[in-house]
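Data first, discussion second: the structure below is written as structure tokens.
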Amino acid sequence: LGSKFVSVLLLLVMLLGVSAAVVFINTQANTTQQNTQREKSQQIVNAVIASYQQQIKEWQQTALSLAELTETKQLANTKNIYDVDDWKNLANRFFPSAKAICLITREYDAPTNEGCLPISYVSLKSLRQLTTQTQADVAMIMQDGKADHILLAARVPLDDKQQYAAVAIALKPTDIQLINPGLVPDAYIEISQGDLPTGLLTTI
């Protein structure tokens with residue numbers, strides 16, 4: 001009886017040991033799977049960030065090229081209203097899907113709805129950066145609590161340092177091209193400016 005009792009105890013201990021091992025293996029497998037999923041998610045985020053940064057860089061370079069164009073500088077110097085349409089047709093080749101492309105030849109002191117583009121406080125901040133920078137930081141402009149357009153601004157280099165001229169390009173928020181959606185079929189991604197829900201630009 002004693003030896004059978006010991007055998008039963010050993011069997012129970014072995015079964016408990018096997019059960020514990022199975023639970024441990026399952027726990028380890030779940031942890032590994034979760035870590036793998038987190039790594040995959042982070043890779044997606046990194047890919048989206050890199051894609052977005054690359055597009056911003058290309059936009060800024062294109063805006064700078066437009067600002068440095070001979071036709072842009074000539075129009076900024078002469079302010080000939082009869083040349084504006086020709087210049088806009090030329091500028092549209094640089095940004096075919098833009099909501100608006102403007103040549104601004106005056107400095108604004110306050111927000112206004114007059115002109116090629118509505119000038120908000122954020123727009124003013126961007127344009128004022130051009131007094132010390134060749135390009136303004138890319139900014140999202142809100143209208144009625146919604147993303148209205150992405151603003152690019154670049155200074156037009158003029159011989160007369162007293163003159164002010166800048167190109168301002170308004171792009172649709174949906175112009176942001178993210179990575180191929182087919183690569184992330186089970187992911188939801190959104191790009192926003194700031195932490196507020198009203199800062200949402202686009203989703204995929």
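Structural remarks
- The ellipsoid equivalent to the alpha-carbon distribution of segment 52-99 has semi-axes of 23, 12, 6 angstrom, derived from the gyration tensor eigenvalues as √(5λ) and listed largest first.
- Annotation: extensible slack from E71 through I204 equals 44.1 nm (criterion: 0.36 nm per residue apart, minus Cα-Cα distance).
- Charged neighbours of N80, selected by a Cβ distance under 14 Å, balance to -1 (K, R count +1; D, E count -1).
- Across K73/K146; K88/K146; K57/K172; K146/K172; K125/K146, pairs whose alpha-carbon gap is larger than 23 Å: K73/K146; K88/K146
- The label-point distance for T32 and T132, in a model that sets each label 7 Å from Cα toward Cβ, rounds to 5.5 nm.
- Euclidean distance of C-alpha centroids, segment 42-64 and segment 122-156, integer Å: 18 Å
- Computed E for K88/L158 - FRET, C-beta separation, R0 22 angstrom, nearest 0.05: 0.70
- Within the shell defined by Cβ-Cβ distances under 12 Å, the residues around T131 carry a net charge of +3, with Lys and Arg each +1 and Asp and Glu each -1.
- Sites L124 and Q42, calculated FRET efficiency, Cβ-Cβ separation with R0 30 Å, nearest 0.05: 0.20
Read-outs: derived from the displayed coordinates by stated rules, not from any lab. The structure displayed is predicted, hence computed values, not measured ones. For neighbour counting, all protein chains shown are included, and Cβ atoms are generated from backbone atoms with ideal geometry for every residue, glycine included.
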